[in-house]
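The values are calculated or read from the model by the stated rules, or taken from the named source; none is laboratory data. All values reported here derive from a predicted model rather than from experimental measurement. As a convention, Cβ positions derive from the backbone with ideal geometry for all residues, glycine included, and neighbour counts pool all protein chains shown.
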Amino acid sequence: MEAGIGDMSGSCPLVMGIVNVTPDSFSDGGRYLGHDAALAHARRLIAEGADILDIGGESTRPGAQPVDEAEEIARTVPLIAAIRAESAIPISIDTMKPAVARAAVAAGATLWNDVAALRFSPDAPAVAAELGCEIVLMHMLGEPRTMQDAPRYDDVVAEVEAFLLARADVAQAAGVAREKIWLDPGIGFGKTLDHNLALLAALPRLCGHGYSVLLGASRKRFIAALDPLATDADDRLGGSVAAALHGARSGVAAVRVHDVRETVQALAVEAAIRG
Ligand code: HH2
């Protein structure tokens, strides 16, 4: 069996550094929109110890406006090619669109991070199989524009778990190899504070299905709900690191973070203590 990115993680999660080439991402929107600024940011995250880079050209924050395919490709693909030209680091493309994933993989990405879990278009599962890349299937209630409008579940953990396992089945039925599939509970994607906390507490259960699990809690709004001083996304480092450490203890294969340096250090200390 071919080794996947998740197999590199051992007992300590991999650190996936976020590079958003978007004008409107919730925590760093606009900061790295230009190609040069985005490449400089990617280099910095590599120097800080990132194991994977996640490149995104469309914001998924609540209320974000959709970006068309050509624009998303123009934002992400030259950056992926530039990173690939100078580094062997695994690159992930954060997109819902099969055409963007296809262009990104052609430029050197090896992981498709799909917050729509292959539901954005009917051909998405077949494209994932054809590309042969790894695929992150994330849970989101509804779509980014409306997902935070009074989200409701009877049992959030059971429903998110059932959704993810069903999407993994769809991917495999289309021809995606089981070991290439990652699951992600989608912290903040159509969830209240209580939903997010229940899903975080249930991470060991989600990690028990034999799939690599990705956790994306960095700088998210649930942290501000627990710390009223953290209204600014830049002020959520403590909560972000706490969530990453919880992910490590729960068995996740990777954490998706903005603050690579601090997360790498915290995970190293945690791993050393655990021996
Ligand atoms: N969160 C965001 C974006 N993509 N992908 C996965 N798999 N899991 C996540 O939790 C996740 C994700 C939102 O964070 P960010 O990229 O900082 O903001 P934006 O979507 O506004 O660009």
Item to check | The one condition in (1) among the β-branched types (Val, Ile, Thr); (2) away from the ligand (no atom under 13 Å from the Cβ); (3) under 18 Å from residue 133 (Cβ atoms) that residue 93 fails to fulfil | outcome: (2)
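Residues checked against (1) more than 16 Å from the ligand (Cβ to nearest atom); (2) at pLDDT 95 or above; (3) aliphatic (A, V, I, L, M); (4) within 16 Å of the chain's Cα centre (by Cα):
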| residue | (1), (2), (3), (4) |
| --- | --- |
| 111 | no, yes, yes, yes |
| 116 | no, yes, yes, yes |
| 170 | yes, yes, yes, no |
| 187 | no, yes, yes, yes |
| 194 | yes, yes, no, no |
Item to check | Output for the range 42-65, where each listed residue is under 23 Å from residue 190 (Cα atoms) and either more than 14 Å from the ligand (Cβ to nearest atom) or within 18 Å of the chain's Cα centre (by Cα) (or both) | outcome: 54, 55, 56, 57, 58, 59, 60, 61, 62, 64
Next on the checklist: I need the full set of residues from the range 46-79 which are within 26 Å of residue 141 (Cα to Cα), in a helix (DSSP H, G or I) and either charged (D, E, K, R) or touching a strand residue (DSSP E or B) at 6+ places or on another chain (Cβ under 8 Å) (or both), in order please.
Outcome noted: 69, 71, 72, 76
Item to check | Single residue of the range 175-200 satisfying the filter (part of a helix (DSSP H, G or I) and in contact with an Asp or Glu (Cβ under 8 Å, 6 or more places away or on another chain)) that is nearest to residue 113 (Cα to Cα) | outcome: 180
Item to check | Per-region count, the range 14-38, residues loosely packed, with under 15 Cβ neighbours inside 10 Å, assigned to a loop (DSSP other than H, G, I, E, B) and modelled with pLDDT of 90 or more | outcome: 0
Checklist outcome for this item: By residue number, the members of the range 222-247 that are under 19 Å from residue 157 (Cα atoms) and either more than 15 Å from the ligand (Cβ to nearest atom) or surrounded by fewer than 24 Cβ atoms within 10 Å (Cβ to Cβ) (or both) are 222, 246
